[in-house]
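**Q** Quick one: the structure is below, questions incoming.
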Amino acid sequence: MHRRVLQAPDSKLLERALKIVCIGGGPAGLYFGLLMKSRHPQHEVTVIERNRPYDTFGWGVVFSDATMDNMCEWDAETAAQIQQAFNHWNDIELVFKGRRIRCKGHGFVGIGRKHLLNILQLRCEALGVQLVFDTEALSDADFPDADLIVASDGIHSTLRQRHAAHFRPNIVSRPNRYIWLGTPQLFDAFTFDFRKTAHGWFQAHIYRFDEKTSTFIVECPEPVWLAHRLDQADQEASLAFCQSLFAETLQGAPLLSNARHSRGSAWLNFQRVSCANWWLGNDHGAHLVLMGDAVHTAHFAIGSGTKLALEDAIELTRQFERHGHHREVIGQVLSAYQALRQVETQRIQNAAWNAMEWFEVCGHRYCDQLEPEQFMYSMLTRSQRISHENLRRRDRQWLEGYERWFARHAPQPGNNAPEAHPNAPEEPWVPPMFTPFRIRSITLKNRVVVSPMAQYSATDGVVGDFHRVHLGARALGGAALVMLEMTAPSPEGRITPHCPGLWNDAQQEAFAGIVDWVHAHSDARIGLQLGHSGPKGSTRAPWEHGGADQPLPSHNWTIRSASALPYLRGGRIPEVLTPEGMQAISESFVQAAQRAALAGFDWLELHCAHGYLLSAFISPLTNRRNDDYGGTLMKRLRFPLEVCAALRATWPQHLPLSVRISAHDWVEGGTTPDEAVEIARAFRNAGADMIDCSSGQVSVDQQPLYGRMYQTPFADRIRQEARVPTIAVGAISEADHVNSIIASGRADLCAVGRPHLANPAWTLLEAARIGYRPVQWPHQYLAAKRQLEAAFERAGTSS
Ligand SMILES: Cc1cc2nc3c(=O)[nH]c(=O)nc-3n(C[C@H](O)[C@H](O)[C@H](O)COP(=O)(O)OP(=O)(O)OC[C@H]3O[C@@H](n4cnc5c(N)ncnc54)[C@H](O)[C@@H]3O)c2cc1C
Ligand SMILES: Cc1cc2nc3c(=O)[nH]c(=O)nc-3n(C[C@H](O)[C@H](O)[C@H](O)COP(=O)(O)O)c2cc1C
């Protein structure tokens with residue numbers, strides 16, 4: 001199409017009150033134009049669009065009921081028209097491995113993009129917004145009279161690029177290929193259809209948006225796309241391919257394309273756009289501000305791009321209302337707009353990122369691994385914004401059906417007979433968190449582990465009364481497995497002089513006393529974590545003067561590591577461990593494991609995380625050796641794997657052995673989540689039954705991204721890709737978190753640390769909170785059980 005290029009402003013359009021020019025007549029530009037004009041008719045508002053009025057790409061867009069409420073408040077007339085045109089639907093349907101599974105309560109609305117734009121265009125015209133079509137605007141300098149220029153020119157924004165040095169856009173191109181199609185086949189649910197081909201999986205995101213048409217977005221990873229030679233396919237061939245792949249769902253209906261705008265392949269890569277700055281004052285004294293896709297994009301997996309664009313327009317209008325519609329305050333208005341919208345869009349982009357990644361990896365991570373029921377659960381919770389209890393609120397019947405399915409697929413509980421749930425009298429209700437888990441000869445009564453936590457309260461490595469009370473209380477508190485803190489196989493393997501050890505009879509007897517107590521008074525299992533401090537040894541307890549990781553004021557012992565690199569900048573330099581030294585340490589681990597078995601422990605964990613000795617061998621940041629124990633990942637793993645294999649050989653065959661790793665160093669050049677999959681696979685092959693997926697503490701330069709359940713993605717990935725059971729840990733603090741993680745198959749167990757320091761009976765408390773009563777309390781405490789359950793029931797927080 002030949003376009004007129006606008007060289008200079010139409011001065012007649014820009015002469016009264018505020019002169020506002022929106023470049024780009026998508027949802028953002030049109031909606032902002034009409035909102036401003038509706039509030040202050042004296043403003044001169046112009047929207048310049050390079051396309052013709054009814055010429056647009058794309059099919060339908062979706063947004064949630066919440067966006068509609070916001071729009072009603074700001075322009076009731078547009079909202080009413082949009083609402084009339086909307087197709088509402090509540091259900092999500094999965095088509096997968098010959099099954100159809102449906103979940104209700106998701107509350108979406110869909111509208112044709114053309115229809116939406118036409119409503120906005122008509123409203124603009126009715127209000128007196130000047131719409132200039134078929135005109136391309138390439139520079140803000142072409143509008144010297146304008147007070148405000150809104151760059152609402154979409155994802156490839158010319159104005160953003162023109163001032164890229166100021167706006168500092170960050171554009172990330174994602175690996176999947178997608179094509180945005182339509183079909184006359186109608187669907188009564190938001191449908192996700194997954195199809196396996198000889199080269200991998202494809203998925204379609206399908207939703208109806210008017211009486212005659214549904215959107216049909218087909219997506220696959222780039223290698224799958226290339227293997228099918230779709231890079232060489234024209235539009236027709238691409239349509240034919242998709243039609244044949246999704247024939248069963250299309251039932252003879254065609255797929256249609258209207259991507260006339262796109263040159264080259266109709267298959268695109270999603271680009272995530274974010275910007276450091278959102279506005280500037282230009283050389284002509286005008287203000288230029290970015291809006292909508294020009295400043296941020298959100299992946300269609302979360303369907304929020306249009307919502308974000310409309311909400312940008314609302315917020316900018318709100319700020320004008322707040323600060324006044326005067327030229328002098330535009331800078332303040334734009335600062336406030338940026339401050340508020342940047343935070344909100346980042347939140348949505350983060351959620352969209354998780355959802356997008358799920359669709360990018362599902363082909364190799366979930367499709368083959370998960371049963372349709374669990375696949376559906378995993379897909380619904382992909383953004384980690386919808387939790388287990390959230391799903392219960394949306395569709396109680398579906399969730400309880402899934403809970404029953406999950407419970408049937410877990411080993412039957414030996415010691416806590418589930419009771420019938422009021423809404424499902426035919427089968428007992430067991431939330432995923434309270435399903436048992438069996439590994440080797442050990443059946444854990446539920447999925448909660450007290451994470452190992454150093455207490456720095458032993459004397460000469462011998463645990464005493466403190467540990468008996470501390471561990472005993474937690475064993476009574478409802479967790480299935482209580483893990484002891486890192487315990488050293490030799491005196492110099494301790495972190496501090498107050499850490500427990502297991503190299504002599506006194507230590508073994510003290511442990512045996514505690515293990516016996518736990519076995520006699522609870523149905524919890526108790527495990528020992530064995531670890532050697534390496535470069536982080538010979539330090540103080542965290543509460544001692546100077547704090548954690550600082551060398552002792554006196555009586556320091558020689559510390560050893562993979563390389564002569566200190567943990568702290570300027571800290572003590574460890575000696576480099578020789579092969580003979582490694583052999584001696586490996587033997588000390590074996591002897592400690594033998595003592596642990598004699599002490600009666602049910603579980604052994606090898607600590608290969610957090611920068612201690614074995615971790616220091618694994619990470620490239622701390623292992624700079626150039627012998628057979630350094631260099632490639634497999635060489636760096638050699639010593640830790642030798643220790644693991646030696647433990648497996650000596651630790652009783654009927655008892656489980658887990659390995660804790662740092663799945664991410666959170667430092668450039670350190671261990672990555674990709675390598676963590678290799679690391680997990682190697683430990684599994686060396687005899688590990690489970691991988692406990694922690695991260696960090698290897699380098700003081702780490703920059704972890706904390707957040708709830710922030711390490712769970714590592715457990716998920718390792719479980720699916722290395723095919724080894726995993727323990728998730730880190731900021732798991734509610735039953736809702738545990739249920740979501742276990743039900744989705746992101747991990748097999750959840751280790752809960754700090755919440756157990758605050759409350760030894762964390763599991764019992766959470767059971768009462770979600771209304772799960774069959775959980776066993778110590779007889780001595782039963783009076784409190786009924787009271788606690790009643791309190792939650794009165795507060796209405798139990799399920
Ligand atoms: C496959 C796919 C599916 C999507 N699905 C959804 C969904 O379900 N829900 C949802 O909310 N969002 C969805 N989106 C995103 C949504 O389309 C955008 O987020 C939304 O349109 C952004 O609005 P905007 O006004 O910022 O930009 P756009 O809608 O892109 O509008 C920009 C306008 O500017 C014009 N323009 C560009 N440059 C110039 C210039 N130099 N001069 C004049 N005019 C110019 C363009 O022609 C265009 O009309 C989807 C996007 C894709 C790619
Ligand atoms: C006081 C304290 C001591 C810890 N000691 C150990 C330890 O000995 N071994 C270990 O692997 N992790 C140790 N950790 C890490 C925890 O096991 C857990 O991974 C971490 O606290 C994150 O879980 P949370 O968010 O539930 O607390 C310790 C954590 C704390 C708070």
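The values are calculated or read from the model by the stated rules, or taken from the named source; none is laboratory data. Computed from a prediction, not measured in an experiment: that's the story for all the values here. Glycine gets a Cβ as well: all are built from the backbone with ideal geometry, and neighbour counts include every protein chain shown. What goes into the accessible areas is simple: the full protein's heavy atoms, side chains included, and nothing from ligands, DNA or RNA. Shrake-Rupley method; radii C 1.70, N 1.55, O 1.52, S 1.80 Å.
**Q** Taking region 99-111 on its own, how many of its residues are away from ligand 1 (no atom under 11 Å from the Cβ) and in contact with a Gly (Cβ under 9 Å, 6 or more places away or on another chain)? Let's see the steps before the verdict.
**A** Applying the first criterion (away from ligand 1 (no atom under 11 Å from the Cβ)) to region 99-111 yields 99-107.
This time we only want the ones that are in contact with a Gly (Cβ under 9 Å, 6 or more places away or on another chain), so: none.
Residues in region 99-111 being away from ligand 1 (no atom under 11 Å from the Cβ) and in contact with a Gly (Cβ under 9 Å, 6 or more places away or on another chain): 0 in total.
**Q** Looking at Gly730, Gly771 in this structure, which one is more than 16 Å from ligand 1 (Cβ to nearest atom), on the phi > 0 side of the Ramachandran plot, over 20 Å from the mean Cα position of the chain (by Cα) and touching a residue at least 12 places away in the same chain (Cβ under 8 Å)?
**A** Gly771
**Q** Within region 749-774, work out how many residues are surrounded by 21 or more Cβ atoms within 10 Å (Cβ to Cβ) and part of a loop (DSSP other than H, G, I, E, B).
**A** Keep residues of region 749-774 that are surrounded by 21 or more Cβ atoms within 10 Å (Cβ to Cβ), which gives 749-752, 756, 760-764, 766-768, 770, 772.
Narrowing the set further to residues that are part of a loop (DSSP other than H, G, I, E, B) leaves 760-761, 770, 772.
So the answer is 4.
**Q** Name the residue that is nearest to Thr443 (Cα to Cα), counting only residues in region 513-567 that are touching a Phe, Trp or Tyr at 6+ places or on another chain (Cβ under 6 Å) and of a type in the set (Gly, Ala, Ser).
**A** Looking at the filtered set, the residue picked out is Gly527.
**Q** Can you find even one residue in region 616-624 that is of a type in the set (Lys, Arg) and crowded, with 16+ Cβ neighbours inside 10 Å?
**A** Residues of region 616-624 of a type in the set (Lys, Arg): 624.
Right, trim to crowded, with 16+ Cβ neighbours inside 10 Å and you get none.
So far as region 616-624 goes, no, none of its residues is of a type in the set (Lys, Arg) and crowded, with 16+ Cβ neighbours inside 10 Å.
**Q** Filter region 153-183 for residues that are open to solvent by 30 Å² or more (accessible area, probe 1.4 Å) and under 21 Å from Gly60 (Cα atoms); which is farthest from ligand 2 (Cβ to nearest atom)?
**A** Asp153
**Q** Then there is this: Gln83 versus (1) crowded, with 18+ Cβ neighbours inside 10 Å; (2) under 22 Å from Ser304 (Cβ atoms): which is the lone unmet condition?
**A** Failed condition: (1).
**Q** Which one of these is acidic (Asp, Glu) and in contact with a Leu (Cβ under 8 Å, 6 or more places away or on another chain): Asp628, Asp674, Asp692, Asp665?
**A** On the way: Asp628 fails: in contact with a Leu (Cβ under 8 Å, 6 or more places away or on another chain); Asp674 fails: in contact with a Leu (Cβ under 8 Å, 6 or more places away or on another chain); Asp692 fails: in contact with a Leu (Cβ under 8 Å, 6 or more places away or on another chain).
It is Asp665.
**Q** Would region 136-144 turn up any residue that is of a type in the set (A, V, I, L, M) and buried (at least 22 other Cβ atoms within 10 Å of the Cβ)?
**A** Of all residues in region 136-144, those of a type in the set (A, V, I, L, M) come to 137-138, 141.
Restricting the remaining residues to those that are buried (at least 22 other Cβ atoms within 10 Å of the Cβ) gives 137.
Yes, region 136-144 has at least one match.
**Q** Still on this model: Which residues, counting only those in region 333-355, are without any contact (Cβ under 8 Å) to a residue 40 or more places away in the chain, of a type outside the set (Lys, Arg) and exposed (fewer than 14 other Cβ atoms within 10 Å of the Cβ)?
**A** Listed by number, the residues that qualify are Ala339, Val343.
**Q** Additional query: Restricting attention to region 192-212, which residues are within 14 Å of ligand 1 (Cβ to nearest atom) and open to solvent by 20 Å² or more (accessible area, probe 1.4 Å)? Reasoning before the result, please.
**A** Narrowing region 192-212 to residues within 14 Å of ligand 1 (Cβ to nearest atom): 192, 203-210.
Selection gives Arg208, Asp210.
**Q** Let me ask something else. Please enumerate the residues belonging to region 284-300 that are part of a loop (DSSP other than H, G, I, E, B) and either surrounded by 24 or more Cβ atoms within 10 Å (Cβ to Cβ) or near ligand 1 (Cβ under 9 Å from one of its atoms) (or both). It would help to see each step written out before you state the result.
**A** At the first step, the residues of region 284-300 found to be part of a loop (DSSP other than H, G, I, E, B) are 284-286, 291, 295-300.
Met291, Val295, His296, Thr297, Ala298, His299, Phe300 - these are the residues of region 284-300 that are part of a loop (DSSP other than H, G, I, E, B) and either surrounded by 24 or more Cβ atoms within 10 Å (Cβ to Cβ) or near ligand 1 (Cβ under 9 Å from one of its atoms) (or both).
**Q** What are the residues in region 544-554 that are among the hydrophobic types (A, V, I, L, M, F, W, C) and either without any contact (Cβ under 8 Å) to a residue 40 or more places away in the chain or outside any loop (DSSP other than H, G, I, E, B) (or both), if any?
**A** Kept after step one, since they are among the hydrophobic types (A, V, I, L, M, F, W, C), are these residues of region 544-554: 548, 552.
Matches in region 544-554: Ala548 only.
**Q** I would also like to ask the following. Please enumerate the residues belonging to region 723-748 that are of a type in the set (A, V, I, L, M), within 12 Å of ligand 2 (Cβ to nearest atom) and crowded, with 20+ Cβ neighbours inside 10 Å. Steps first, answer last, please.
**A** Of all residues in region 723-748, those of a type in the set (A, V, I, L, M) come to 724, 727-729, 731-732, 735, 738, 741-743, 747.
With within 12 Å of ligand 2 (Cβ to nearest atom) added as a condition, the list becomes 727-729, 731-732, 738.
Once the filter is applied, which keeps residues that are of a type in the set (A, V, I, L, M), within 12 Å of ligand 2 (Cβ to nearest atom) and crowded, with 20+ Cβ neighbours inside 10 Å, region 723-748 yields Ile727, Ala728, Val729, Ile732, Val738.
**Q** If you check Ser699 against the conditions, is it among the hydroxyl-bearing types (Ser, Thr, Tyr), more than 16 Å from ligand 1 (Cβ to nearest atom), open to solvent by 10 Å² or more (accessible area, probe 1.4 Å) and over 27 Å from Arg648 (Cα atoms)? First the steps, then the outcome.
**A** On the way: among the hydroxyl-bearing types (Ser, Thr, Tyr): yes; more than 16 Å from ligand 1 (Cβ to nearest atom): yes; open to solvent by 10 Å² or more (accessible area, probe 1.4 Å): yes; over 27 Å from Arg648 (Cα atoms): yes.
The answer is yes for Ser699.
**Q** For region 555-601, name all the residues that are of a type in the set (D, E, K, R), in a helix (DSSP H, G or I) and surrounded by fewer than 17 Cβ atoms within 10 Å (Cβ to Cβ). Lay out the reasoning, then the answer.
**A** First, pick out the residues of region 555-601 that are of a type in the set (D, E, K, R): 560, 569, 572, 575, 580, 587, 595.
Next, only the ones that are in a helix (DSSP H, G or I) stay: 580, 587, 595.
Matches in region 555-601: Glu580, Glu587.
**Q** From Gln720, Gln711, Gln780, grab the single residue that is touching a helix residue (DSSP H, G or I) at 6+ places or on another chain (Cβ under 9 Å) and surrounded by 21 or more Cβ atoms within 10 Å (Cβ to Cβ). Break it down stepwise before answering.
**A** Working: Gln711 fails: touching a helix residue (DSSP H, G or I) at 6+ places or on another chain (Cβ under 9 Å); Gln780 fails: surrounded by 21 or more Cβ atoms within 10 Å (Cβ to Cβ).
Checking each option against the conditions leaves just Gln720.
**Q** Kindly provide the set of residues from region 644-671 that are closer than 24 Å to Ala747 by Cβ and outside any loop (DSSP other than H, G, I, E, B), ordered by number.
**A** Those that are closer than 24 Å to Ala747 by Cβ and outside any loop (DSSP other than H, G, I, E, B): Cys644, Leu647, Arg648, Leu657, Ser658, Val659, Arg660, Ile661, Ser662.
**Q** Follow-up. As an exercise: evaluate Glu678 against (1) outside any loop (DSSP other than H, G, I, E, B); (2) open to solvent by 10 Å² or more (accessible area, probe 1.4 Å); (3) within 11 Å of ligand 2 (Cβ to nearest atom) and give the number of the one condition it does not meet.
**A** Glu678 satisfies every listed condition except (3).
**Q** Hey, can you tell me all the residues within region 125-151 that are closer than 21 Å to Pro41 by Cα and within 13 Å of ligand 1 (Cβ to nearest atom)?
**A** So the first thing to find is which residues in region 125-151 are closer than 21 Å to Pro41 by Cα, and the list is 125-132, 143, 145-150.
Result: Leu131, Val132, Phe143, Ile149, Val150.
**Q** Also, I was wondering about something else. I'd like to check which strands (runs of 3 or more DSSP E) are fully inside region 434-476 and have at least 1 residues that are surrounded by 19 or more Cβ atoms within 10 Å (Cβ to Cβ) and within 16 Å of ligand 2 (Cβ to nearest atom). Step through it out loud before you land on a result.
**A** Details: elements: 437-439, 442-444, 448-450.
Here the list reads 448-450.
**Q** Restricting the search to region 490-518, which residues are of a type in the set (A, V, I, L, M, F, W, C) and either open to solvent by 30 Å² or more (accessible area, probe 1.4 Å) or within 16 Å of ligand 1 (Cβ to nearest atom) (or both)?
**A** If we filter region 490-518 for residues that are of a type in the set (A, V, I, L, M, F, W, C), which is where we start, we get 495, 499, 502-503, 506, 510-512, 514-515, 517-518.
Listed by number, the residues that qualify are Trp503, Ala506, Trp517.
**Q** What's the number of the only condition in (1) on the phi > 0 side of the Ramachandran plot; (2) within 16 Å of ligand 2 (Cβ to nearest atom) that Val643 fails to meet?
**A** The one condition Val643 does not meet is (1).
**Q** Taking into account only those residues within region 216-225 that are surrounded by 23 or more Cβ atoms within 10 Å (Cβ to Cβ) and closer than 20 Å to Ile101 by Cα, which is nearest to ligand 2 (Cβ to nearest atom)?
**A** Checked region 216-225; the qualifying residue nearest to ligand 2 (Cβ to nearest atom) is Val218.
**Q** Now a separate question. Of all residues in region 106-135, which are under 30 Å from Gln203 (Cβ atoms) and buried (at least 17 other Cβ atoms within 10 Å of the Cβ)? Spell out the reasoning first.
**A** Filtering region 106-135 for residues under 30 Å from Gln203 (Cβ atoms) gives 106-117.
Matches in region 106-135: His106, Phe108, Val109, Gly110, Ile111, Gly112, Arg113, Lys114, His115, Leu116, Leu117.
**Q** Now, a different point. With the checklist (1) surrounded by fewer than 21 Cβ atoms within 10 Å (Cβ to Cβ); (2) closer than 27 Å to Thr135 by Cα; (3) of a type outside the set (Val, Ile, Thr) in hand, flag the one item Glu77 doesn't pass.
**A** Glu77 satisfies all of (1) surrounded by fewer than 21 Cβ atoms within 10 Å (Cβ to Cβ); (2) closer than 27 Å to Thr135 by Cα; (3) of a type outside the set (Val, Ile, Thr) except (2).
**Q** I'd like the full set of residues that are more than 16 Å from ligand 1 (Cβ to nearest atom) and in contact with a strand residue (DSSP E or B) (Cβ under 7 Å, 6 or more places away or on another chain), limited to region 269-281. Reasoning before the result, please.
**A** Applying the first criterion (more than 16 Å from ligand 1 (Cβ to nearest atom)) to region 269-281 yields 276-277, 280-281.
Passing the criteria: Leu280, Gly281.
**Q** Within the set of pairs 6 or more residues apart or between chains, which connect a residue that is on the phi > 0 side of the Ramachandran plot inside region 451-473 to a residue that is open to solvent by 30 Å² or more (accessible area, probe 1.4 Å) and in a helix (DSSP H, G or I) with Cβ atoms less than 9 Å apart?
**A** Listed pairs, sorted by first residue: Asp460/Pro491; Asp460/Ala506; Gly461/Pro491; Gly461/Ala506.
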